[in-house]
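> After the structure tokens below, expect a handful of questions from me.
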């Protein structure tokens, strides 16, 4: 059991939020509507963000909502966050389905988790565990609206109706380079001139090659004429010498 949420990356920060930091070396595909598909290819792809690496850091990442997230979990669960993790994520950015590589960029994220909800692990009480998790999520969202996009539930189900549920707050952080590449990848207006420029460069190179071939052909013809002229001159010279020898004999 879990939350079925339509994942839409309206901005680079949400791309980082929806990146699975428990895996690496996999693609994230974006549709024209900015919907995110991980690994599975949708019918239409405008950009691909290949997650090259996910590295855990030692807590050097700063985020404007970090303190608020800690307080929110503490306030609702009456306990400190169970875990606090810091991630650095490196992306390889492509237009379309790996059609044109644009560059590499890095994002960061802080992921906090709560303790397990009450009734977690209890026989036949899995629905109660999930229900409390949803209540926690709603209360934090009401008290801390700025955190709403970054809250989600995650849990496992077991035998005899058991469930283990935790609330997570994942705070994403983009970078100037990721911001730039994100919008370039999603904007056909910025890439069409690039394609046109490349096509123009190809045509210019083809024109220059054709001109050089024509010049080479003209040089070869000129060389042929000069050789023929030399041959005539040498032939005339030999004839003249022969006639001179005859006349003096």
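The values are calculated or read from the model by the stated rules, or taken from the named source; none is laboratory data. Keep in mind it's a predicted model, so treat the numbers as computed, not measured. Every residue, glycine as well, gets a Cβ built from its backbone with ideal geometry; the counts of neighbours run over all protein chains shown.
> With the checklist (1) over 27 Å from the mean Cα position of the chain (by Cα); (2) surrounded by fewer than 20 Cβ atoms within 10 Å (Cβ to Cβ) in hand, flag the one item residue 98 doesn't pass.
All conditions are met except number (1).
> Ok, one more. Scan segment 121-137 for residues that are in a helix (DSSP H, G or I) and over 16 Å from residue 73 (Cα atoms) and report the count.
The first filter runs over segment 121-137 and keeps only residues in a helix (DSSP H, G or I), leaving 126-137.
Then keep just the ones that are over 16 Å from residue 73 (Cα atoms); that gives 126-131.
Here the count works out to 6.
> Please state which one of 95, 7, 111 is touching a strand residue (DSSP E or B) at 6+ places or on another chain (Cβ under 8 Å) and more than 26 Å from residue 165 (Cα to Cα).
On inspection, the qualifying residue turns out to be 95.
The rows are residues; the columns are (1) part of a loop (DSSP other than H, G, I, E, B); (2) free of Cβ contacts under 8 Å to residues at least 40 places away in the same chain; (3) surrounded by fewer than 16 Cβ atoms within 10 Å (Cβ to Cβ).
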{"position": "139", "(1), (2), (3)": "no, no, yes"}
{"position": "148", "(1), (2), (3)": "no, yes, yes"}
{"position": "154", "(1), (2), (3)": "no, no, yes"}
{"position": "160", "(1), (2), (3)": "no, yes, yes"}
{"position": "170", "(1), (2), (3)": "no, no, no"}
{"position": "177", "(1), (2), (3)": "no, no, no"}
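Let's see how each residue does on (1) crowded, with 16+ Cβ neighbours inside 10 Å; (2) in contact (Cβ under 8 Å) with a residue 24 or more places away in the chain; (3) not assigned by TED's automatic domain parsing to the domain that holds residue 101:
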{"site": "25", "(1), (2), (3)": "no, yes, no"}
{"site": "36", "(1), (2), (3)": "yes, yes, no"}
{"site": "39", "(1), (2), (3)": "no, no, no"}
{"site": "51", "(1), (2), (3)": "yes, yes, no"}
{"site": "58", "(1), (2), (3)": "no, yes, no"}
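> So, one more: Do we have residue 202 as modelled with pLDDT under 85 and under 30 Å from residue 36 (Cβ atoms) here? Working first, answer last.
Details: modelled with pLDDT under 85: yes; under 30 Å from residue 36 (Cβ atoms): no.
For residue 202, the condition - modelled with pLDDT under 85 and under 30 Å from residue 36 (Cβ atoms) - is not met.
> Next up: Can you tell me which condition residue 179 does not meet? The list is (1) under 24 Å from residue 7 (Cβ atoms); (2) out of contact with any helix residue (DSSP H, G or I) (no Cβ under 8 Å at 6 or more places or on another chain), and all the others hold.
The one condition residue 179 does not meet is (2).
> Count, please, the residues in segment 116-138 that happen to be touching a helix residue (DSSP H, G or I) at 6+ places or on another chain (Cβ under 6 Å) and closer than 23 Å to residue 17 by Cβ.
Applying the first criterion (touching a helix residue (DSSP H, G or I) at 6+ places or on another chain (Cβ under 6 Å)) to segment 116-138 yields 117-120, 123-124, 126, 136.
Of the ones still in play, those that are also closer than 23 Å to residue 17 by Cβ are 117, 136.
Number of matching residues: 2.
> State whether the residues of segment 114-130 include one that is farther than 23 Å from residue 159 by Cβ and either at pLDDT below 95 or crowded, with 21+ Cβ neighbours inside 10 Å (or both). Lay out the reasoning, then the answer.
Going residue by residue through segment 114-130, those that are farther than 23 Å from residue 159 by Cβ are 114.
Narrowing the set further to residues that are either at pLDDT below 95 or crowded, with 21+ Cβ neighbours inside 10 Å (or both) leaves 114.
Yes: segment 114-130 contains one or more residues that are farther than 23 Å from residue 159 by Cβ and either at pLDDT below 95 or crowded, with 21+ Cβ neighbours inside 10 Å (or both).
> Can you name the residue in segment 67-90 that is out of contact with any strand residue (DSSP E or B) (no Cβ under 7 Å at 6 or more places or on another chain) and in a loop (DSSP other than H, G, I, E, B) and, of all such residues, is surrounded by the fewest Cβ atoms within 10 Å (Cβ to Cβ)?
Here the residue is 78.
> Separate question: Which of the residues belonging to segment 87-102 are modelled with pLDDT of 95 or more and touching a helix residue (DSSP H, G or I) at 6+ places or on another chain (Cβ under 6 Å)?
93, the sole residue that qualifies.
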